[in-house]
1. Would you calculate the separation in nanometres between label points at residue 310 and residue 269, each defined as 7 Å from the Cα along the Cα-to-beta-carbon direction?
2. Can you tell me how the chain classifies by the Cα gyration tensor, rounded, prolate or oblate, using a/c under 1.5 as the rounded cut?
3. For region 220-300, run through the GluC sites (Glu not before Pro) and keep only the ones in DSSP coil with at most 12 other Cβ atoms within 10 Å of their Cβ.
4. Just to confirm, what accessible area per residue do you get for region 8-342 at 1.4 Å probe, in whole Å²?
5. For region 13-115, which GluC sites (Glu not before Pro) are in a loop by DSSP, counting at most 14 other Cβ atoms within 10 Å?
6. Which percent of the accessible area of region 218-300 is formed by carbon and sulfur heavy atoms (probe 1.4 angstrom)?
7. Check each of the chymotrypsin sites (Phe, Trp or Tyr not before Pro) in region 31-111 and keep only those in coil by DSSP with at most 13 other C-beta atoms within 10 angstrom; list them in order.
8. Rounded to the nearest Å, what's the spacing between the alpha carbon centres of region 318-334 and region 117-167? Just the number, please.
Amino acid sequence: MSGSPISYVLLTGATGFIGAHVLDGLLHRGLKVRIAVRSLHKARALKSARPEHAHMLDVIQVDDYSTATSFTEAVKDVEGIVHVASPLSYDIKDNEEDMILPAINGTKSILQAALRSPLIQRVVITSSFAAVIDIDRKGPPYFTYTSTDWNPLTYDQAADNNSSAVVAYRGSKKFAELAAWEFMEQEKPRFDLVTLCPPMVFGPFVHPVERLEDLSDSISKLWEIVDGGELPVARVPFWVDVRDLAHAHVEALLRSQLRSKRYTIASPDRFSYQKASSIILDSFDWAKNRVLTQTLHQDIDESYGLDGEEAADELGLSYHSFQQSVVDLVAQAVQMESDLRAKSTSSQSWGCRAQSPSKCLPSINGQS
Ligand SMILES: NC(=O)c1ccc[n+]([C@@H]2O[C@H](COP(=O)([O-])OP(=O)(O)OC[C@H]3O[C@@H](n4cnc5c(N)ncnc54)[C@H](OP(=O)(O)O)[C@@H]3O)[C@@H](O)[C@H]2O)c1
(Lines give C-alpha, C1' and ligand atoms only; values in the text may rest on other atoms or scores of the structure.)
Protein backbone atom coordinates (compact mmCIF):
# COMPACT_ATOMS: atom_id res chain seq x y z
CA MET A 1 0.00 0.00 0.00
CA SER A 2 1.41 3.37 -0.95
CA GLY A 3 0.17 6.94 -1.00
CA SER A 4 -1.43 9.05 1.69
CA PRO A 5 -3.29 7.40 4.54
CA ILE A 6 -6.77 6.08 3.80
CA SER A 7 -9.42 8.54 4.96
CA TYR A 8 -12.49 7.68 2.86
CA VAL A 9 -13.79 4.13 2.47
CA LEU A 10 -16.49 2.37 0.48
CA LEU A 11 -18.24 -0.35 2.51
CA THR A 12 -20.73 -2.97 1.30
CA GLY A 13 -22.86 -5.13 3.59
CA ALA A 14 -23.25 -2.38 6.23
CA THR A 15 -26.92 -3.28 6.65
CA GLY A 16 -25.92 -6.76 7.87
CA PHE A 17 -24.56 -8.22 11.10
CA ILE A 18 -20.83 -8.04 10.35
CA GLY A 19 -20.85 -5.01 8.05
CA ALA A 20 -22.54 -2.74 10.62
CA HIS A 21 -19.78 -3.51 13.13
CA VAL A 22 -17.20 -2.79 10.44
CA LEU A 23 -18.98 0.50 9.78
CA ASP A 24 -18.70 1.45 13.45
CA GLY A 25 -15.05 0.42 13.55
CA LEU A 26 -14.26 2.62 10.57
CA LEU A 27 -16.22 5.60 11.92
CA HIS A 28 -14.59 5.30 15.33
CA ARG A 29 -11.20 5.46 13.64
CA GLY A 30 -12.21 8.85 12.23
CA LEU A 31 -12.69 7.64 8.65
CA LYS A 32 -15.35 8.90 6.31
CA VAL A 33 -17.47 6.02 5.04
CA ARG A 34 -19.71 5.61 2.02
CA ILE A 35 -22.03 2.63 2.33
CA ALA A 36 -23.37 0.93 -0.79
CA VAL A 37 -26.80 -0.50 0.02
CA ARG A 38 -29.77 -2.06 -1.70
CA SER A 39 -32.24 -0.72 0.84
CA LEU A 40 -32.37 3.02 1.56
CA HIS A 41 -34.78 2.28 4.38
CA LYS A 42 -32.12 0.23 6.19
CA ALA A 43 -29.48 2.85 5.40
CA ARG A 44 -31.62 5.59 6.97
CA ALA A 45 -32.02 3.43 10.07
CA LEU A 46 -28.25 2.84 10.26
CA LYS A 47 -27.55 6.52 9.88
CA SER A 48 -30.13 7.77 12.33
CA ALA A 49 -28.79 5.35 14.95
CA ARG A 50 -25.39 7.07 14.61
CA PRO A 51 -26.20 10.80 14.82
CA GLU A 52 -22.72 11.67 16.06
CA HIS A 53 -21.24 10.24 12.86
CA ALA A 54 -23.92 11.31 10.39
CA HIS A 55 -21.61 13.85 8.76
CA MET A 56 -18.99 11.13 8.18
CA LEU A 57 -21.39 8.68 6.58
CA ASP A 58 -22.87 8.88 3.12
CA VAL A 59 -25.07 6.43 1.31
CA ILE A 60 -25.24 5.26 -2.27
CA GLN A 61 -27.91 2.92 -3.51
CA VAL A 62 -26.72 0.02 -5.64
CA ASP A 63 -29.70 -2.17 -6.49
CA ASP A 64 -27.78 -4.84 -8.32
CA TYR A 65 -24.18 -5.55 -7.32
CA SER A 66 -23.42 -7.77 -10.24
CA THR A 67 -23.22 -5.60 -13.36
CA ALA A 68 -19.98 -4.30 -14.84
CA THR A 69 -20.84 -0.74 -13.81
CA SER A 70 -22.57 -1.36 -10.46
CA PHE A 71 -19.87 0.40 -8.43
CA THR A 72 -18.66 3.03 -10.91
CA GLU A 73 -20.16 5.90 -8.91
CA ALA A 74 -19.64 4.24 -5.54
CA VAL A 75 -15.83 4.08 -5.81
CA LYS A 76 -15.38 7.76 -6.72
CA ASP A 77 -13.08 9.60 -4.27
CA VAL A 78 -12.58 6.66 -1.89
CA GLU A 79 -9.12 5.28 -1.13
CA GLY A 80 -10.14 1.93 0.32
CA ILE A 81 -12.91 -0.63 -0.07
CA VAL A 82 -14.29 -3.16 2.42
CA HIS A 83 -16.54 -5.63 0.62
CA VAL A 84 -18.59 -7.57 3.16
CA ALA A 85 -21.86 -8.17 1.28
CA SER A 86 -22.63 -11.64 -0.01
CA PRO A 87 -25.76 -13.82 0.01
CA LEU A 88 -26.05 -15.67 3.32
CA SER A 89 -29.60 -16.98 3.28
CA TYR A 90 -30.05 -20.72 2.89
CA ASP A 91 -33.60 -20.16 1.67
CA ILE A 92 -32.72 -20.39 -2.03
CA LYS A 93 -34.29 -21.99 -5.08
CA ASP A 94 -31.27 -22.17 -7.37
CA ASN A 95 -27.73 -22.66 -6.07
CA GLU A 96 -26.02 -20.87 -8.92
CA GLU A 97 -28.47 -18.02 -9.57
CA ASP A 98 -29.33 -17.20 -5.97
CA MET A 99 -26.01 -17.78 -4.19
CA ILE A 100 -22.93 -18.47 -6.29
CA LEU A 101 -23.24 -15.96 -9.14
CA PRO A 102 -24.27 -12.98 -6.97
CA ALA A 103 -21.23 -13.63 -4.74
CA ILE A 104 -18.78 -13.95 -7.65
CA ASN A 105 -20.21 -11.13 -9.74
CA GLY A 106 -20.44 -8.71 -6.81
CA THR A 107 -16.75 -9.33 -6.07
CA LYS A 108 -15.68 -8.98 -9.70
CA SER A 109 -17.76 -5.86 -10.16
CA ILE A 110 -16.26 -4.07 -7.17
CA LEU A 111 -12.72 -5.01 -8.19
CA GLN A 112 -13.31 -3.80 -11.76
CA ALA A 113 -14.53 -0.48 -10.40
CA ALA A 114 -11.49 -0.28 -8.10
CA LEU A 115 -9.22 -0.85 -11.08
CA ARG A 116 -10.67 2.19 -12.82
CA SER A 117 -10.27 4.39 -9.75
CA PRO A 118 -6.72 5.72 -9.26
CA LEU A 119 -7.11 6.48 -5.55
CA ILE A 120 -7.80 2.95 -4.28
CA GLN A 121 -4.95 1.60 -2.16
CA ARG A 122 -6.44 -1.51 -0.59
CA VAL A 123 -9.48 -3.76 -0.88
CA VAL A 124 -10.55 -5.99 2.02
CA ILE A 125 -13.00 -8.81 1.28
CA THR A 126 -14.93 -10.89 3.80
CA SER A 127 -14.50 -14.46 2.71
CA SER A 128 -15.23 -17.37 5.03
CA PHE A 129 -13.88 -20.52 6.61
CA ALA A 130 -16.44 -22.08 4.24
CA ALA A 131 -13.91 -21.31 1.48
CA VAL A 132 -11.22 -23.14 3.45
CA ILE A 133 -12.72 -26.27 5.01
CA ASP A 134 -12.68 -29.72 3.43
CA ILE A 135 -15.64 -31.30 5.17
CA ASP A 136 -14.42 -34.83 4.35
CA ARG A 137 -11.07 -34.28 6.05
CA LYS A 138 -11.00 -35.48 9.64
CA GLY A 139 -8.35 -36.05 12.29
CA PRO A 140 -6.54 -37.99 13.64
CA PRO A 141 -3.81 -37.22 12.96
CA TYR A 142 -4.39 -33.70 14.23
CA PHE A 143 -4.03 -30.96 11.61
CA THR A 144 -4.60 -27.21 11.57
CA TYR A 145 -6.33 -25.30 8.79
CA THR A 146 -4.43 -22.21 7.73
CA SER A 147 -4.88 -19.56 5.08
CA THR A 148 -3.18 -21.82 2.53
CA ASP A 149 -6.12 -24.25 2.53
CA TRP A 150 -9.03 -24.17 0.08
CA ASN A 151 -12.15 -26.27 0.11
CA PRO A 152 -11.99 -28.88 -2.66
CA LEU A 153 -15.52 -28.32 -4.03
CA THR A 154 -15.82 -28.05 -7.80
CA TYR A 155 -18.02 -25.38 -9.32
CA ASP A 156 -20.35 -28.03 -10.72
CA GLN A 157 -20.79 -29.70 -7.32
CA ALA A 158 -21.70 -26.39 -5.70
CA ALA A 159 -23.99 -25.31 -8.54
CA ASP A 160 -25.83 -28.64 -8.70
CA ASN A 161 -29.31 -28.10 -7.31
CA ASN A 162 -29.14 -31.55 -5.76
CA SER A 163 -26.44 -30.15 -3.47
CA SER A 164 -27.68 -28.42 -0.33
CA ALA A 165 -27.75 -24.66 0.13
CA VAL A 166 -24.87 -25.06 2.60
CA VAL A 167 -22.76 -26.61 -0.17
CA ALA A 168 -23.83 -23.80 -2.49
CA TYR A 169 -22.71 -21.29 0.15
CA ARG A 170 -19.31 -23.00 0.49
CA GLY A 171 -18.97 -22.80 -3.28
CA SER A 172 -20.08 -19.17 -3.38
CA LYS A 173 -17.41 -18.13 -0.88
CA LYS A 174 -14.67 -20.21 -2.52
CA PHE A 175 -15.33 -19.10 -6.09
CA ALA A 176 -15.93 -15.45 -5.18
CA GLU A 177 -12.66 -15.30 -3.26
CA LEU A 178 -10.79 -17.20 -5.98
CA ALA A 179 -12.14 -14.73 -8.53
CA ALA A 180 -10.63 -11.93 -6.45
CA TRP A 181 -7.20 -13.57 -6.26
CA GLU A 182 -7.30 -14.41 -10.00
CA PHE A 183 -8.17 -10.77 -10.69
CA MET A 184 -5.12 -9.67 -8.69
CA GLU A 185 -2.93 -12.10 -10.61
CA GLN A 186 -4.20 -11.03 -14.03
CA GLU A 187 -4.66 -7.30 -13.58
CA LYS A 188 -1.80 -6.56 -11.20
CA PRO A 189 -3.58 -3.47 -9.89
CA ARG A 190 -2.01 -0.70 -7.80
CA PHE A 191 -3.98 -1.76 -4.74
CA ASP A 192 -3.46 -4.66 -2.31
CA LEU A 193 -6.08 -7.27 -1.48
CA VAL A 194 -6.65 -8.71 1.98
CA THR A 195 -9.20 -11.49 2.45
CA LEU A 196 -10.52 -12.64 5.82
CA CYS A 197 -11.87 -16.16 6.37
CA PRO A 198 -13.86 -16.29 9.62
CA PRO A 199 -15.80 -19.34 10.84
CA MET A 200 -19.12 -18.88 12.72
CA VAL A 201 -19.55 -15.31 13.93
CA PHE A 202 -21.35 -14.51 17.20
CA GLY A 203 -21.81 -11.50 19.46
CA PRO A 204 -24.15 -8.51 19.75
CA PHE A 205 -25.68 -6.82 16.71
CA VAL A 206 -25.64 -3.14 15.73
CA HIS A 207 -27.45 -3.34 12.37
CA PRO A 208 -31.15 -2.58 11.89
CA VAL A 209 -33.22 -5.53 13.11
CA GLU A 210 -37.00 -5.20 13.11
CA ARG A 211 -37.86 -8.63 14.48
CA LEU A 212 -35.76 -11.14 16.37
CA GLU A 213 -36.88 -13.74 13.83
CA ASP A 214 -34.86 -11.79 11.25
CA LEU A 215 -31.50 -12.05 13.02
CA SER A 216 -28.62 -13.04 10.77
CA ASP A 217 -28.06 -16.74 10.28
CA SER A 218 -25.25 -17.28 12.80
CA ILE A 219 -26.77 -15.42 15.76
CA SER A 220 -30.31 -16.61 15.05
CA LYS A 221 -29.13 -20.06 16.13
CA LEU A 222 -28.34 -18.71 19.60
CA TRP A 223 -31.72 -17.01 19.73
CA GLU A 224 -33.39 -20.35 18.89
CA ILE A 225 -31.81 -21.77 22.07
CA VAL A 226 -33.10 -18.87 24.17
CA ASP A 227 -36.50 -19.40 22.64
CA GLY A 228 -36.65 -22.97 23.95
CA GLY A 229 -35.70 -24.67 20.70
CA GLU A 230 -33.76 -27.92 20.31
CA LEU A 231 -30.03 -27.43 20.18
CA PRO A 232 -28.72 -26.90 16.66
CA VAL A 233 -25.70 -28.99 15.69
CA ALA A 234 -22.52 -27.04 14.99
CA ARG A 235 -20.99 -27.80 11.60
CA VAL A 236 -17.60 -26.63 12.85
CA PRO A 237 -16.31 -26.01 16.39
CA PHE A 238 -14.71 -22.67 15.47
CA TRP A 239 -16.09 -19.18 15.90
CA VAL A 240 -15.10 -15.55 16.33
CA ASP A 241 -16.77 -12.57 18.01
CA VAL A 242 -18.14 -10.04 15.55
CA ARG A 243 -16.31 -7.21 17.34
CA ASP A 244 -12.97 -8.95 16.83
CA LEU A 245 -13.80 -9.65 13.22
CA ALA A 246 -14.77 -6.01 12.62
CA HIS A 247 -11.51 -4.92 14.23
CA ALA A 248 -9.68 -7.29 11.89
CA HIS A 249 -11.37 -5.67 8.87
CA VAL A 250 -10.36 -2.19 9.98
CA GLU A 251 -6.76 -3.21 10.70
CA ALA A 252 -6.56 -5.17 7.44
CA LEU A 253 -7.56 -1.99 5.64
CA LEU A 254 -5.34 0.47 7.47
CA ARG A 255 -2.10 -1.29 8.39
CA SER A 256 0.30 0.06 5.81
CA GLN A 257 2.93 -2.61 6.45
CA LEU A 258 0.60 -5.38 5.23
CA ARG A 259 0.68 -6.59 1.66
CA SER A 260 -1.85 -8.69 -0.22
CA LYS A 261 -2.71 -11.54 2.11
CA ARG A 262 -5.33 -14.07 3.16
CA TYR A 263 -6.10 -14.69 6.85
CA THR A 264 -8.06 -17.28 8.73
CA ILE A 265 -9.51 -15.90 11.96
CA ALA A 266 -10.72 -17.87 14.97
CA SER A 267 -11.03 -17.50 18.69
CA PRO A 268 -8.85 -20.00 20.57
CA ASP A 269 -11.79 -21.47 22.50
CA ARG A 270 -14.11 -23.79 20.60
CA PHE A 271 -17.87 -23.86 20.81
CA SER A 272 -20.89 -26.09 20.70
CA TYR A 273 -24.52 -25.09 21.05
CA GLN A 274 -24.66 -27.09 24.25
CA LYS A 275 -21.85 -24.89 25.59
CA ALA A 276 -23.92 -21.84 24.56
CA SER A 277 -26.97 -23.28 26.31
CA SER A 278 -25.00 -23.87 29.53
CA ILE A 279 -23.67 -20.32 29.44
CA ILE A 280 -27.19 -18.94 29.02
CA LEU A 281 -28.54 -21.10 31.85
CA ASP A 282 -25.68 -20.11 34.17
CA SER A 283 -25.82 -16.41 33.31
CA PHE A 284 -29.52 -15.52 33.31
CA ASP A 285 -32.03 -16.34 36.08
CA TRP A 286 -34.98 -16.34 33.68
CA ALA A 287 -33.32 -18.95 31.45
CA LYS A 288 -34.30 -22.03 33.46
CA ASN A 289 -37.97 -21.32 32.65
CA ARG A 290 -37.26 -20.86 28.98
CA VAL A 291 -34.18 -22.71 27.72
CA LEU A 292 -34.44 -26.48 27.22
CA THR A 293 -32.50 -28.10 30.06
CA GLN A 294 -32.78 -31.76 28.96
CA THR A 295 -30.50 -31.77 25.97
CA LEU A 296 -28.25 -34.28 24.33
CA HIS A 297 -24.56 -34.00 25.10
CA GLN A 298 -22.66 -32.42 22.23
CA ASP A 299 -19.00 -33.35 21.78
CA ILE A 300 -16.72 -30.56 20.67
CA ASP A 301 -14.48 -31.75 17.85
CA GLU A 302 -10.85 -31.42 18.99
CA SER A 303 -9.41 -33.52 16.17
CA TYR A 304 -8.30 -30.57 14.06
CA GLY A 305 -7.64 -26.87 14.49
CA LEU A 306 -8.03 -23.52 12.75
CA ASP A 307 -5.27 -20.94 12.91
CA GLY A 308 -6.33 -17.64 14.43
CA GLU A 309 -2.89 -16.70 15.73
CA GLU A 310 -1.38 -15.25 12.58
CA ALA A 311 -4.33 -12.87 12.25
CA ALA A 312 -4.12 -12.03 15.96
CA ASP A 313 -0.40 -11.22 15.66
CA GLU A 314 -0.50 -9.30 12.39
CA LEU A 315 -3.82 -7.51 12.87
CA GLY A 316 -3.48 -6.91 16.61
CA LEU A 317 -6.50 -8.92 17.76
CA SER A 318 -7.27 -10.16 21.25
CA TYR A 319 -10.19 -12.49 21.01
CA HIS A 320 -13.36 -12.27 23.14
CA SER A 321 -14.32 -15.38 25.09
CA PHE A 322 -17.31 -17.44 23.93
CA GLN A 323 -18.96 -16.75 27.29
CA GLN A 324 -18.76 -12.98 26.75
CA SER A 325 -19.95 -13.22 23.18
CA VAL A 326 -23.01 -15.28 24.08
CA VAL A 327 -23.92 -13.23 27.15
CA ASP A 328 -23.67 -9.93 25.28
CA LEU A 329 -25.87 -11.14 22.43
CA VAL A 330 -28.49 -12.78 24.64
CA ALA A 331 -28.76 -9.81 27.03
CA GLN A 332 -29.25 -7.51 24.05
CA ALA A 333 -31.79 -9.72 22.30
CA VAL A 334 -33.86 -10.30 25.43
CA GLN A 335 -33.91 -6.56 26.12
CA MET A 336 -35.03 -5.92 22.55
CA GLU A 337 -37.78 -8.52 22.90
CA SER A 338 -39.05 -6.84 26.02
CA ASP A 339 -38.89 -3.37 24.41
CA LEU A 340 -40.81 -4.62 21.37
CA ARG A 341 -43.47 -6.19 23.60
CA ALA A 342 -43.86 -3.00 25.60
CA LYS A 343 -44.20 -0.90 22.45
CA SER A 344 -46.60 -3.39 20.91
CA THR A 345 -48.79 -3.30 24.02
CA SER A 346 -48.78 0.47 24.06
CA SER A 347 -49.64 0.60 20.31
CA GLN A 348 -52.57 -1.73 20.93
CA SER A 349 -53.82 0.32 23.85
CA TRP A 350 -53.62 3.36 21.58
CA GLY A 351 -55.79 1.50 19.11
CA CYS A 352 -53.49 -0.04 16.51
CA ARG A 353 -55.87 -1.63 14.02
CA ALA A 354 -53.31 -3.27 11.73
CA GLN A 355 -54.16 -6.88 10.85
CA SER A 356 -50.62 -8.19 11.34
CA PRO A 357 -49.15 -7.75 14.83
CA SER A 358 -45.79 -6.78 13.28
CA LYS A 359 -47.49 -3.77 11.65
CA CYS A 360 -48.14 -2.46 15.16
CA LEU A 361 -44.48 -2.64 16.10
CA PRO A 362 -42.33 0.44 15.77
CA SER A 363 -40.27 0.55 12.61
CA ILE A 364 -36.52 0.17 12.68
CA ASN A 365 -34.90 2.45 15.24
CA GLY A 366 -37.98 4.59 15.26
CA GLN A 367 -37.75 5.41 11.54
CA SER A 368 -40.63 4.99 9.18
N1 LIG B 1 -22.25 -14.60 10.01
C2 LIG B 1 -21.32 -15.55 9.92
O3 LIG B 1 -21.26 -16.47 10.75
C4 LIG B 1 -20.31 -15.48 8.81
C5 LIG B 1 -19.22 -16.37 8.85
C6 LIG B 1 -18.25 -16.31 7.86
C7 LIG B 1 -18.36 -15.39 6.83
N8 LIG B 1 -19.44 -14.56 6.78
C9 LIG B 1 -19.50 -13.63 5.67
O10 LIG B 1 -19.69 -12.32 6.18
C11 LIG B 1 -20.44 -11.53 5.29
C12 LIG B 1 -21.59 -10.87 6.00
O13 LIG B 1 -22.32 -11.83 6.72
P14 LIG B 1 -23.40 -11.39 7.81
O15 LIG B 1 -23.41 -12.43 8.85
O16 LIG B 1 -23.21 -9.98 8.18
O17 LIG B 1 -24.72 -11.55 6.94
P18 LIG B 1 -26.06 -10.69 6.93
O19 LIG B 1 -26.35 -10.13 8.26
O20 LIG B 1 -27.05 -11.57 6.26
O21 LIG B 1 -25.69 -9.48 5.97
C22 LIG B 1 -25.47 -9.69 4.61
C23 LIG B 1 -25.20 -8.36 3.97
O24 LIG B 1 -24.93 -8.58 2.59
C25 LIG B 1 -25.91 -7.94 1.80
N26 LIG B 1 -26.25 -8.83 0.68
C27 LIG B 1 -26.63 -10.11 0.73
N28 LIG B 1 -26.83 -10.58 -0.51
C29 LIG B 1 -26.59 -9.56 -1.35
C30 LIG B 1 -26.63 -9.42 -2.75
N31 LIG B 1 -26.98 -10.42 -3.58
N32 LIG B 1 -26.33 -8.23 -3.28
C33 LIG B 1 -26.00 -7.20 -2.49
N34 LIG B 1 -25.94 -7.27 -1.14
C35 LIG B 1 -26.22 -8.44 -0.59
C36 LIG B 1 -27.10 -7.70 2.70
O37 LIG B 1 -27.84 -6.60 2.21
P38 LIG B 1 -29.41 -6.41 2.53
O39 LIG B 1 -29.46 -5.81 3.90
O40 LIG B 1 -29.86 -5.50 1.45
O41 LIG B 1 -30.03 -7.77 2.46
C42 LIG B 1 -26.40 -7.42 4.02
O43 LIG B 1 -25.93 -6.09 4.05
C44 LIG B 1 -20.82 -12.45 4.14
O45 LIG B 1 -19.86 -12.28 3.11
C46 LIG B 1 -20.69 -13.84 4.75
O47 LIG B 1 -20.41 -14.80 3.77
C48 LIG B 1 -20.41 -14.59 7.74
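1. 2.6
2. Details: a/c = 1.61, a/b = 1.16, b/c = 1.38.
Oblate shape, in that a/c is at least 1.5 and b/c is the bigger or equal ratio.
3. On the way: sites: 224, 230, 251; in loops: 230.
Passing sites in region 220-300 are 230.
4. Details: 14240 Å² over 335 residues.
Accessible surface, normalised per residue, equals 43 Å².
5. Working: sites: 52, 73, 79, 96, 97; in loops: 73, 79.
Counting only loop positions with at most 14 other Cβ atoms within 10 Å, the GluC sites (Glu not before Pro) in region 13-115 are 73.
6. Taking all protein chains in place, region 218-300 shows 48 percent carbon and sulfur surface.
7. On the way: sites: 65, 71, 90; in loops: 65, 71, 90.
When the chymotrypsin sites (Phe, Trp or Tyr not before Pro) of region 31-111 are filtered for loop state and at most 13 Cβ neighbours within 10 Å, 90 remain.
8. Going from one Cα centre to the other spans 27 Å.
The values are calculated or read from the model by the stated rules, or taken from the named source; none is laboratory data. What you see is a predicted model; the values in this text were computed from it and never measured. Ideal geometry is used to build each Cβ from the backbone, glycine not excepted, and the neighbour counts take in all protein chains shown. Surface accessibility is based on the protein's heavy atoms, side chains included, excluding ligands, DNA and RNA. Shrake-Rupley method; radii C 1.70, N 1.55, O 1.52, S 1.80 Å.
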